[in-house]
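> Below is a structure I'd like to ask you about.
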Amino acid sequence: MEHRLVTGIEKALGWGGPGPVGTAFVRGNLADPDLITRLMTPNRLLETIRHRHLANPQLRCYAQGDEVHPSLFLSTNVNRRRQAVSQADMAALGRILNGGGTVVLDHIDFFDPTLEVACRALGWWSGELTSANVYLAAGDTDGFNLHWDDHDVIAVQLSGEKSWEVRGPSRTAPMYRDAERNLTPSEEVLWKGTMRPGDVMHIPRGFWHTATRVGSGNDGHSLHVTFGLTKRTGVTWANFLSDAVRADEVFRTDLERGEDTADGGVLVAKLSKLAHDYDPARYLAELRANTPPARHMPHIPVFGPPEYAAAVTEFEPAAIISGETVQVVGGGKRLTYQLRAEPALRSLLSGHPVHLTDDEDLNTLAEHLIQEGLCAPLTAESLLAYTGMVTPENF
């Protein structure tokens with residue numbers, strides 16, 4: 001998938017692909033005003049919050065450097081069927097922002113089609129699960145204390161300004177669940193300055209950072225989005241192996257006490273063989289092939305044929321030619337088609353929206369991929385998420 005944001009990030013950071021993700025702190029500028037306003041604006045964020053049922057901690061607020069109690073900005077409404085739903089009190093959010101506060105919405109890609117497609121494009125590009133959090137601050141307000149994240153971050157300033165300080169790591173490759181706590185910030189300041197609209201930076205996992213608007217004046221604001229890329233680690237692989245051995249009753253059998261543990265040699269041999277058979281490369285390949293789409297839009301035939309369709313898998317699916325057939329691997333599926341379907345398959349699985357014409361074979365193929373969950377029909381709203389960001393394909 002060729003997405004305008006991915007191309008812009010590569011150019012801004014001087015990257016030729018996803019290889020540098022997680023390696024070093026780097027900054028740049030997207031130099032494309034239309035791109036950043038397409039991603040999100042302050043008013044669009046507030047509209048997004050207004051139309052959703054949200055709860056804490058997905059929606060959080062901060063004032064004067066402290067987290068605001070959810071009861072002060074979330075309300076529980078009871079409908080006529082006595083069903084309670086949680087949603088934002090927009091008047092309260094207004095007071096928090098007007099008083100110099102910050103509103104944070106995690107996983108906004110679940111709610112906003114444009115950011116959903118942007119995260120999918122970054123996921124296909126990087127081979128890692130990607131999500132987006134957005135931060136809106138108004139006035140002269142403090143931000144988060146110096147901290148580090150357990151995932152790599154690409155931060156994009158969308159509007160307004162915010163001052164940042166980024167430091168190096170104090171522990172190599174720290175994890176959320178780790179052998180020891182990582183509480184002492186590094187003294188190595190890599191950069192201290194102001195992010196302005198279009199500025200983008202990459203903060204690797206474990207690098208300490210903080211952001212604030214203190215000293216920026218009461219009349220301004222800041223809106224930035226962070227794309228979090230969660231990489232797999234050796235621990236992730238080891239956890240996979242520990243889950244996989246549950247299928248073998250030898251591993252489910254109790255360990256005996258003493259030095260001569262029953263079947264100890266068998267356990268070691270079996271675990272060694274499993275680790276060899278499912279080495280990290282195979283584990284990563286199968287993880288990406290077997291991850292189902294997070295969400296899917298079904299096709300309802302009585303509503304009429306879809307006009308556009310696009311692939312919605314978390315990672316890029318593969319079309320593999322074998323003799324007179326093509327096997328599609330992705331989204332947890334392995335599907336086999338006749339070789340003559342290969343050009344249409346590559347188009348439908350490209351991540352670009354495909355205009356479905358009167359070609360009966362193309363439409364039948366698209367409907368089957370939609371049924372299997374690899375593609376989804378695009379509504380007028382979801383198609384807008386691609387417009388000007390991902391070029392449509394005309395098969």
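The values are calculated or read from the model by the stated rules, or taken from the named source; none is laboratory data. Worth saying up front: this structure is predicted, and the values here are computed from it rather than measured. Cβ: placed from backbone, ideal geometry, glycine included. Neighbour counts: every protein chain shown.
> Take the residues in region 19-37 that are touching a Pro at 6+ places or on another chain (Cβ under 7 Å) and small (Gly, Ala, Ser); name whichever of them is surrounded by the most Cβ atoms within 10 Å (Cβ to Cβ).
The residue in question is Gly22.
> In region 38-58, which residue that is within 28 Å of Lys231 (Cα to Cα) and not basic (Lys, Arg) is surrounded by the fewest Cβ atoms within 10 Å (Cβ to Cβ)?
So in region 38-58, the residues within 28 Å of Lys231 (Cα to Cα) come out as 38-40, 45, 54-58.
Within this subset, residues satisfying the condition of being not basic (Lys, Arg) are 39-40, 45, 54-58.
Numbers: Leu39: 22, Met40: 25, Leu45: 21, Leu54: 19, Ala55: 14, Asn56: 15, Pro57: 9, Gln58: 15.
Ranking the qualifying residues of region 38-58, first place goes to Pro57.
> Looking at Thr212 and the list (1) of a type outside the set (A, V, I, L, M, F, W, C); (2) modelled with pLDDT of 95 or more; (3) farther than 12 Å from Asp150 by Cβ, which single condition is not satisfied?
(2)
> Just the residues that are surrounded by fewer than 22 Cβ atoms within 10 Å (Cβ to Cβ) and in a strand (DSSP E or B), please, taken from region 127-138.
Selection gives Leu129, Ser131, Asn133.
> Taking the conditions exactly as written (part of a loop (DSSP other than H, G, I, E, B), surrounded by fewer than 21 Cβ atoms within 10 Å (Cβ to Cβ), among the β-branched types (Val, Ile, Thr) and in contact (Cβ under 8 Å) with a residue 24 or more places away in the chain), does Thr141 satisfy them or not? First the steps, then the outcome.
Details: part of a loop (DSSP other than H, G, I, E, B): yes; surrounded by fewer than 21 Cβ atoms within 10 Å (Cβ to Cβ): no; among the β-branched types (Val, Ile, Thr): yes; in contact (Cβ under 8 Å) with a residue 24 or more places away in the chain: yes.
For Thr141, the condition - part of a loop (DSSP other than H, G, I, E, B), surrounded by fewer than 21 Cβ atoms within 10 Å (Cβ to Cβ), among the β-branched types (Val, Ile, Thr) and in contact (Cβ under 8 Å) with a residue 24 or more places away in the chain - is not met.
> Hey, Ala63 hits all of (1) surrounded by 15 or more Cβ atoms within 10 Å (Cβ to Cβ); (2) small (Gly, Ala, Ser); (3) over 23 Å from Trp148 (Cα atoms); (4) at pLDDT below 95 but one; which does it fall short on?
Going through (1) surrounded by 15 or more Cβ atoms within 10 Å (Cβ to Cβ); (2) small (Gly, Ala, Ser); (3) over 23 Å from Trp148 (Cα atoms); (4) at pLDDT below 95 one by one, Ala63 breaks only (3).
> Could you give me the residue pairs with C-beta distances under 6 Å whose first residue belongs to region 80-106 and is surrounded by 12 or more Cβ atoms within 10 Å (Cβ to Cβ), whose second residue is assigned to a loop (DSSP other than H, G, I, E, B) and among the small types (Gly, Ala, Ser) wherever it lies, and which are 6+ apart or on separate chains?
Ser86/Ala55; Gly100/Gly139
> Please go through region 296-315 and pick out each residue that is in contact with a Leu (Cβ under 8 Å, 6 or more places away or on another chain) and not hydrophobic (A, V, I, L, M, F, W, C).
Pro305, Pro306, Glu307, Tyr308, Thr313, Glu314
> Hey, another quick one. Can you tell me how many residues in region 1-12 are closer than 28 Å to Val103 by Cβ and either surrounded by fewer than 20 Cβ atoms within 10 Å (Cβ to Cβ) or within 18 Å of the chain's Cα centre (by Cα) (or both)?
Pass one, region 1-12, residues closer than 28 Å to Val103 by Cβ: 3-6, 8-9, 12.
So of that shortlist, the ones also either surrounded by fewer than 20 Cβ atoms within 10 Å (Cβ to Cβ) or within 18 Å of the chain's Cα centre (by Cα) (or both) come out as 3-6, 8-9.
Residues flagged as closer than 28 Å to Val103 by Cβ and either surrounded by fewer than 20 Cβ atoms within 10 Å (Cβ to Cβ) or within 18 Å of the chain's Cα centre (by Cα) (or both) within region 1-12 amount to 6.
> Inside region 3-39, can you point out the residues that are in contact with an Asp or Glu (Cβ under 8 Å, 6 or more places away or on another chain), of a type in the set (S, T, N, Q) and assigned to a loop (DSSP other than H, G, I, E, B)?
None; the set is empty.
> Now for a different question. Counting only residues that are buried (at least 18 other Cβ atoms within 10 Å of the Cβ) and within 29 Å of Asp248 (Cβ to Cβ), how many does region 290-313 have?
Within region 290-313, residues that are buried (at least 18 other Cβ atoms within 10 Å of the Cβ) and within 29 Å of Asp248 (Cβ to Cβ) number 0.
> For the condition assigned by TED's automatic domain parsing to the domain that holds Thr313, of a type in the set (Phe, Trp, Tyr) and either farther than 22 Å from Trp125 by Cα or without any contact (Cβ under 8 Å) to a residue 60 or more places away in the chain (or both), what is the one hit in Tyr386, Tyr337? First the steps, then the outcome.
Numbers: Tyr386 fails: either farther than 22 Å from Trp125 by Cα or without any contact (Cβ under 8 Å) to a residue 60 or more places away in the chain (or both).
Only one candidate passes the filter, namely Tyr337.
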